[in-house]
Every structure is written in structure tokens, then in C-alpha cells.
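Report on the following structure.
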């Protein structure tokens, strides 16, 4: 059965789509340092044609969340187009767990040759360092290649749920503090922080349950094991769910009947940036090749069509601009996490 909005309108079904390095330096890497790292990497890059050809074999793209979730679906649609541009096969490998940090660690501790690339939200870099204490990587071991899209998130319940809208959800939560349970994609993820911010702003509390991505949350909602979920919008397409609200400042073009949380006076605090990243020691010419391929793939009509069917909007940024956004997010997220009482530096 199709997913429905609060007004009952049905939405279309989308197509299916090594040893850890302990540290605590992630917390000392400022946003300015992240921006400077990426900017320096793209200064004075020699012509890619003068370098060793790349790629000459298949490329592995690591998605740090489970198969079938919003990030995974978009990654597979994107890498299909990027593989044609690079002229090599791209193999998507899901390395999920620990709020995306397991997949990021695989990049940080892997070979810096461009044959292992990360497709991920920015949360393991700009949120996890302040939520999870010591991480198995340093933030400055990872450098951005490009932003591809910003992933909207929604609050969803199963269609049979007695919860009919956001006001109803918050009223029930206020009446029974901590009784309503919800699932999210993992500690430090955007839906985790966004829902924590919702709870604080509304002066309510929820029983939060972390999973390894949206694909694991949805069956729990449908089975009635959790009361609601905070999910990537592309994950809910074609599911038997009712959408209560969008985490954002405005309604989505593909979901005009679903109100933004700001319409209820709740501030929108977290942006879910998704893109490509590599190990910081990856050769500059390889990064340039990947950045150009990313720009071309992001503009392809086939990818735009696939994204629109998943209610996603492409928002390409080059490496320098993406790094600047991440730098700002790093500082903003730290302040938000601290204000929510969730700061964990591992000290």
C-alpha cells in the first residue's frame, strides 16, 4: 500500500533501487581547519592527464548505513551514472553500524588511492565527534569531494496508528513522558539530533531506539514495535506509512500535504548533507577526477529523475564549497549537541 500524508493523499511508489585507530583529536579539529584542508588540496593541482591514469579498475563505494535505506538507495542511483562517466564498475558496499562511523573508519584506515570512496551523510564527521566520544578515526583523515544532495527527513507512523498529526504526537508525549518510542538511523545521525531538538523545543521526552539505518527502522514501525520513526524521505516511498511532518523550513515539492515542523513553531536545526569523501592522502589528481565525475553525474537527467522519484532534490557543491559548509556545520552542531545535553567528548 502507498504511503499517505496527513490529508490521506496517496504518494507514488518509488523504484527499488582495519584495526581501529583510537583518538580524540576529532574534537580539536575546528571547522576552519576542515575547510583549510580541502582548500589546500585543490591548490595547484597539475593536469589530471599528466598523472597516472585513474581509474584503471573497479572502484568500491562504501555506504555506512544498511542496504535499502535512503542513503543506500541514492548511492546506488548515483553510482550507476558515475560508473558510466569513469568507465569502470563501481561496487557499493554497505559497512553499517555505530551511526555511520564504522564505514568512515574503513576509509580513514584504508589505502589512499581513490579506489575506496565514501558515499555518506556528513553526520559521522560533523556530529558523531561530539556525541560518541572517541572515534576510530580523526576528522581530518577524511576530505570531501563533492556534495550531491541534502536529504530531507520526515516523522512517520504506520497507517493504523492512532497518532494523526504532529500536534497529536506531541500531546501524547506530554501526557506520558518517555512512553512514546521512536527509531532512528543511529547515534549522531540527523534524525537522531532533529528529534532530540524537537523533544527539547516541545518540552517532551521520547524513548529513542537506535538502529543501523532506515531499512531496519521501517519494519519496527510497520510491526508496531515503535510508535514512530524519523526517516529519510526516500526511505518511506511506497511504504504503508503516514507522514506527520518534514524536518525542514518548508514543505517538499513532492510532499505538498506534509507540513514542515517550523509550521508548528519548532526550529529546524540540522541539515543532512550527503556527498563523496576520500582519505585525505588520496592523490590530488584522483580527487579532481572524482570531483569532475561527481559534477557530471549529479547533472545527468537519469539521476535527477531517480532522485525526484525519491522526493530528493539535487544540491551539488564542489569540494571547496562543500568543505566550507561542513566547517560551519561542525561548529553549529557542537553548539546544538551541547545545548541538548548530549555532548560526549570522551574525556
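Identify all residues within segment 63-83 that are in contact with a strand residue (DSSP E or B) (Cβ under 8 Å, 6 or more places away or on another chain) and buried (at least 24 other Cβ atoms within 10 Å of the Cβ); write none if there are none.
Residues satisfying the conditions are 63, 64, 65, 69, 70, 71, 72, 74, 75, 78, 82.
Residues of segment 102-126 being more than 11 Å from the chain's Cα centre (by Cα) and closer than 15 Å to residue 287 by Cα, which ones?
Listed by number, the residues that qualify are 107, 111, 112, 113, 114, 115, 116, 117, 118.
Can you tell me which condition residue 161 does not meet? The list is (1) modelled with pLDDT of 95 or more; (2) in contact with a helix residue (DSSP H, G or I) (Cβ under 7 Å, 6 or more places away or on another chain); (3) not in a strand (DSSP E or B), and all the others hold.
That leaves (2) as the condition not met.
I'm trying to understand the selection: among the residues of segment 276-323, which are within 16 Å of residue 63 (Cβ to Cβ), touching a helix residue (DSSP H, G or I) at 6+ places or on another chain (Cβ under 6 Å) and part of a strand (DSSP E or B)?
276
Out of all the residues in segment 32-75, which are out of contact with any helix residue (DSSP H, G or I) (no Cβ under 9 Å at 6 or more places or on another chain), modelled with pLDDT under 90 and closer than 22 Å to residue 105 by Cβ?
Once the filter is applied, which keeps residues that are out of contact with any helix residue (DSSP H, G or I) (no Cβ under 9 Å at 6 or more places or on another chain), modelled with pLDDT under 90 and closer than 22 Å to residue 105 by Cβ, segment 32-75 yields nothing.
Can you list the helices (runs of 4 or more DSSP H) lying wholly within segment 84-145 that have 1 or more residues being at pLDDT 95 or above, surrounded by fewer than 23 Cβ atoms within 10 Å (Cβ to Cβ) and not assigned by TED's automatic domain parsing to the domain that holds residue 185?
101-108
For (1) buried (at least 19 other Cβ atoms within 10 Å of the Cβ); (2) in the same structural domain as residue 164 (by TED's automatic domain parsing), each residue gets a yes or a no:
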{"residue": "233", "(1), (2)": "yes, yes"}
{"residue": "241", "(1), (2)": "yes, yes"}
{"residue": "257", "(1), (2)": "no, yes"}
{"residue": "286", "(1), (2)": "yes, no"}
{"residue": "296", "(1), (2)": "no, no"}
{"residue": "300", "(1), (2)": "no, no"}
{"residue": "318", "(1), (2)": "no, no"}
{"residue": "325", "(1), (2)": "yes, no"}
{"residue": "330", "(1), (2)": "yes, no"}
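The values are calculated or read from the model by the stated rules, or taken from the named source; none is laboratory data. None of the values given here were measured: they were computed from a predicted structure. All Cβ positions, glycine included, derive from the backbone under ideal geometry; neighbour counts span all protein chains shown.
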